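Asks: Please find one structure pasted underneath; my questions will follow.
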Amino acid sequence: MIQIFTTGGTIDKVYFDANSEFEVGPSLLPDLLSESNIHEGYRLRELMRKDSLEMTDSDRQAVLQAATECDCDRILLTHGTDTMADTAAVLAALKDKTIVLTGAMQPARMRRTDALFNIGFAWAAVRLLPPGVYLAMNGEVFEAGAVRKNLKAQRFERT
C-alpha cells in the first residue's frame, strides 16, 4: 500500500483570469491516477491546500508528522515546486521509508501540463526506489539535499 499525501502547489492551482489570479483548488490527483490506470494500491489524504511559497516551517513539520505516523513504508507527496526541496530536506530525517515528492510546473487543469507524466513517473519511483527521500520531476529522480529548482530554466538540477 502506498500513502499519497497532497499539499497543494501548482499541480492543483485554479486560475481565474488573464491576470493570473489563482487559488489552490481541490486536488485532481484522483483523476490523474485514474487516467494513468492506477486504481488501487493507495490511500489518499489531503494535508493542506497551499502554494509552496506560503508553506511555513510548521507546515513542513505537519508533513513530517503525517509521514512519521503513517503505517505505510512508501509515501508519494504532491507539493509545489518552489519549496519542494525544502520539504524534502525536512523529510530526510525519516530513514526507514521511501518518500517521493512530485508536482508540476503547469497546473493539471491546463492542457499543456506535466502533471500526468510526473504523477506516473513518481508512482513508479516510489514503488522501485530503496528507502530515502527523493524528488521525481520530469523524468529525473533527485535525492533530498542534493537538488534545487532552477527558476530561470524551469527545471530541477543536482547541487
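Asks: Using amide H atoms built in the peptide plane, which far-off residues or other-chain residues are under 5 Å from residue 50 H to H?
Replies: 8, 9
Asks: What does the accessible area of residue 39 come to, in Å² to the nearest 10, when a probe of 1.4 Å is used?
Replies: Only protein atoms counted, so the area is about 110 Å².
Asks: Can you find, among 61, 88, 22, the residue farthest towards the positive end of the dipole of the chain? Put +1 on the C-beta of Lys and Arg, -1 on that of Asp and Glu.
Replies: Farthest towards the positive pole: 88.
Asks: From the helices alone, meaning DSSP H stretches of at least four residues, give me the mean residue ellipticity at 222 nm for the chain, per-run term -39500 (n - 2.57), in deg cm²/dmol to the nearest 500.
Replies: Details: 4 runs with 42 residues, N = 159.
Estimated from H runs of four or more residues: -8000 deg cm²/dmol.
Asks: Can you tell me the length gained on complete extension of the stretch residue 37 to residue 53, counting 0.36 nm per residue apart and subtracting the Cα distance?
Replies: Stretched out fully, the residue 37 to residue 53 stretch lengthens by 2.6 nm.
Asks: OK, next. Net charge near residue 119: determine it from the other residues with C-beta under 11 Å of the C-beta of residue 119, scoring Lys and Arg +1 and Asp and Glu -1.
Replies: -3
Asks: Take 159, 78, 56 and sort them by solvent-accessible surface of the protein heavy atoms, 1.4 Å probe, largest at the top. Spell out each step's value before the answer.
Replies: Details: 159 105, 78 0, 56 60 Å².
Greatest to least solvent exposure: 159, 56, 78.
Asks: Give me the Debye-computed log₁₀ of I(q)/I(0) at q = 0.18, 0.25 Å⁻¹ for segment 63-129, equal point scatterers on Cα only, no solvent, two decimals.
Replies: -0.68, -1.12
Asks: Which net charge results for the neighbourhood of residue 1, defined as the other residues with beta-carbon distances under 14 angstrom from its beta-carbon, given Lys and Arg at +1 and Asp and Glu at -1?
Replies: Charge balance in the 14 Å sphere: +2.
Asks: Note down the relative contact order for segment 15-159 as a percent, whole number, built from C-alpha pairs under 8 angstrom at least six residues apart.
Replies: Taking the mean separation of contacting Cα pairs over the length of segment 15-159, I get 19 percent.
Asks: Quick one: what are the phi-derived ³J(HN,Hα) couplings along segment 48-58, Karplus 6.51/-1.76/1.60 with θ = phi - 60°, whole Hz, x for glycine and proline?
Replies: Taking θ as phi minus 60°, the curve returns 6, 10, 9, 5, 5, 5, 9, 6, 10, 4, 5 Hz for segment 48-58.
Asks: Under 15 Å from the Cβ of residue 130, count the other residues' Cβ atoms, weight Lys and Arg +1, Asp and Glu -1, and hand me the total.
Replies: +1
Asks: Sticking with this one: Subtract the Cα-Cα distance of residue 143 and residue 64 from 0.36 nm times their separation in residues, and report this length gain in nm to one decimal.
Replies: So the extension gain works out to 26.8 nm.
Asks: To continue, here is another question. Using only the heavy atoms of the protein chains and a 1.4 Å probe, how would 95, 13, 152 rank by accessible area, largest first? Numbers along the way, then the final one.
Replies: Values: 95 155, 13 20, 152 195 Å².
Descending order: 152, 95, 13.
Asks: Another one. Suppose every Lys and Arg Cβ carries +1 and every Asp and Glu Cβ carries -1, with no other charges. What dipole size does segment 21-159 come out with about its Cα centre, to the nearest 20 debye?
Replies: Using only the charged Cβ atoms, the result is roughly 360 debye.
Asks: Subtracting the Cα-Cα distance from 0.36 nm times the residue separation, let me have the gained length for residue 152 to residue 106 in nm, one decimal.
Replies: Extra length from residue 152 to residue 106 when fully extended: 15.1 nm.
The values are calculated or read from the model by the stated rules, or taken from the named source; none is laboratory data. Just so you know, these numbers come straight off a predicted model, no measurement behind them. Virtual Cβ from ideal backbone geometry, glycine too; neighbours counted across all protein chains shown. To get the accessible areas, we keep the full protein, side chains included, count just its heavy atoms, and leave off ligands, DNA and RNA. Shrake-Rupley method; radii C 1.70, N 1.55, O 1.52, S 1.80 Å.
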